[in-house]
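Asks: Sharing a structure with you now.
The values are calculated or read from the model by the stated rules, or taken from the named source; none is laboratory data. Since this is a predicted model, take the numbers as computed values, not measurements. Using ideal geometry, Cβ is built from the backbone for each residue, glycine included, and neighbour counts are taken over all protein chains shown. What goes into the accessible areas is simple: the full protein's heavy atoms, side chains included, and nothing from ligands, DNA or RNA. Shrake-Rupley method; radii C 1.70, N 1.55, O 1.52, S 1.80 Å.
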Amino acid sequence: NGTADVSEEKRAAVIQAVADLGFVPNPVARGLAGGRTLSIGVLTQAIDSPFYGVALRGIEVALGAAGYSPLFMSGHWHAAEEARCIDILRSRCVDGLIVLTGRLSDSELRLGAQSLPVVVTGRSLKAANLISLDFDHREGARQATQHLLDLGHRRIAFIGGVAEHPDAIERLQGYRSAIVAAGLHVEPALVVPGAFTEASG
C-alpha cells in the first residue's frame with residue numbers, strides 16, 4: 001500500500017499475488033488494524049425524501065472523494081428510532097456520525113459527541129467534537145409567503161410540520177410575520193399541522 005519501504009522485487013511479487021488471487025482489502029480488518037473503519041454513519045429522517053435525497057447524494061460524493069463510505073439509516077422523525085439507529089451505527093464502529101435534523105435532544109447529541117465526532121444539521125449547538133449547521137427556518141418561510149403575496153395571493157395556507165418541533169414553530173412564525181406585514185389577518189382555518197412528509201402536505 002505504499003506505506004513501507006520495500007524492494008522493487010518484493011513490491012512486484014505482492015502486486016502479482018494480489019492480481020493472481022483477486023484479493024480485495026477487507027475494510028473491517030483494516031479498521032481493526034488502523035483504528036478506523038473509513039465509514040461514517042448518516043442518520044437521515046427519510047431516505048426516499050426529495051429534501052434529504054439531495055443532502056445524501058452530496059454526503060456520498062464528499063465522503064467517497066475522501067476515501068470514506070457512508071452507512072445510511074432513517075429515523076422517521078421518532079426519537080426512539082433515531083436512538084436505535086445511532087446504536088446500530090456505533091456497533092458498526094463508524095468513525096463519525098452525520099445527523100440530519102431529527103428529534104434527538106441536544107443533550108443526547110452532546111453526549112454522543114463525547115465518544116465520536118458528530119455533525120448535526122438544523123441545530124445551533126456548541127460542544128467538543130460536535131459541529132452544528134443551522135437553517136433560518138423563520139426567514140425561509142417568510143420569504144416563501146412573501147413570494148406568494150407578491151404574486152397577488154391573499155389567502156395563503158400554511159401546512160406545518162410536527163407542531164411541537166422547533167423547525168415547524170419557526171416556519172409558522174415566518175409565515176405569520178409576512179401575512180401581518182402585508183396588513184392581512186392570519187386565518188386559523190388556513191393553518192394546519194403536517195408530518196414533514198409529501199403525503200401529509
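Asks: Considering only residues that are assigned to a helix (DSSP H, G or I) and at pLDDT 85 or above, look in region 14-53 and name the one that is surrounded by the most Cβ atoms within 10 Å (Cβ to Cβ). Give the derivation first.
Replies: Here is the first cut: in region 14-53, the residues assigned to a helix (DSSP H, G or I) are 14-21, 27-34, 50-53.
When the remaining residues are screened for being at pLDDT 85 or above, the result is 52-53.
Values: Tyr52: 19, Gly53: 13.
Here the answer is Tyr52.
Asks: Name the pairs whose Cβ atoms lie under 8 Å apart, with the first residue in region 147-170 and of a type in the set (Ser, Thr, Tyr), the second not in a loop (DSSP other than H, G, I, E, B), and 6 or more positions between them or separate chains?
Replies: Listed pairs, sorted by first residue: none to list.
Asks: Right, another one. Can you tell me which of (1) among the basic types (Lys, Arg); (2) farther than 26 Å from Asp48 by Cα; (3) open to solvent by 80 Å² or more (accessible area, probe 1.4 Å) is the one Arg142 doesn't meet?
Replies: (3)
Asks: Answer yes or no: is there a residue in region 98-121 that is closer than 29 Å to Gly41 by Cβ, small (Gly, Ala, Ser) and not in a loop (DSSP other than H, G, I, E, B).
Replies: Within region 98-121, one or more residues are closer than 29 Å to Gly41 by Cβ, small (Gly, Ala, Ser) and not in a loop (DSSP other than H, G, I, E, B).
Yes/no matrix, rows are residues, columns are (1) open to solvent by less than 50 Å² (accessible area, probe 1.4 Å); (2) in contact with a strand residue (DSSP E or B) (Cβ under 6 Å, 6 or more places away or on another chain); (3) of a type in the set (Phe, Trp, Tyr):
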{"residue": "Gln146", "(1), (2), (3)": "no, no, no"}
{"residue": "Ile156", "(1), (2), (3)": "yes, no, no"}
{"residue": "Asp167", "(1), (2), (3)": "yes, no, no"}
{"residue": "Tyr175", "(1), (2), (3)": "yes, yes, yes"}
{"residue": "Pro188", "(1), (2), (3)": "no, no, no"}
{"residue": "Pro193", "(1), (2), (3)": "no, no, no"}
{"residue": "Thr197", "(1), (2), (3)": "no, no, no"}
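Asks: So which residues in region 66-87 are in a helix (DSSP H, G or I), in contact (Cβ under 8 Å) with a residue 24 or more places away in the chain and either open to solvent by 30 Å² or more (accessible area, probe 1.4 Å) or more than 20 Å from Gln114 (Cα to Cα) (or both)?
Replies: Looking only at region 66-87, we keep the residues that are in a helix (DSSP H, G or I), and these are 79-87.
The next check asks that each one be in contact (Cβ under 8 Å) with a residue 24 or more places away in the chain; those that pass are 79, 82-83, 85-86.
Of everything in region 66-87, those that are in a helix (DSSP H, G or I), in contact (Cβ under 8 Å) with a residue 24 or more places away in the chain and either open to solvent by 30 Å² or more (accessible area, probe 1.4 Å) or more than 20 Å from Gln114 (Cα to Cα) (or both) turn out to be Ala79, Ala83.
Asks: Another one. Looking at this structure, is Arg142 assigned to a helix (DSSP H, G or I), modelled with pLDDT of 95 or more and under 26 Å from Leu56 (Cα atoms)?
Replies: Working: assigned to a helix (DSSP H, G or I): yes; modelled with pLDDT of 95 or more: yes; under 26 Å from Leu56 (Cα atoms): no.
Spelling it out, it is not the case that Arg142 is assigned to a helix (DSSP H, G or I), modelled with pLDDT of 95 or more and under 26 Å from Leu56 (Cα atoms).
Asks: Evaluate the following for Val94: is it among the aliphatic types (A, V, I, L, M) and not in a loop (DSSP other than H, G, I, E, B)?
Replies: no
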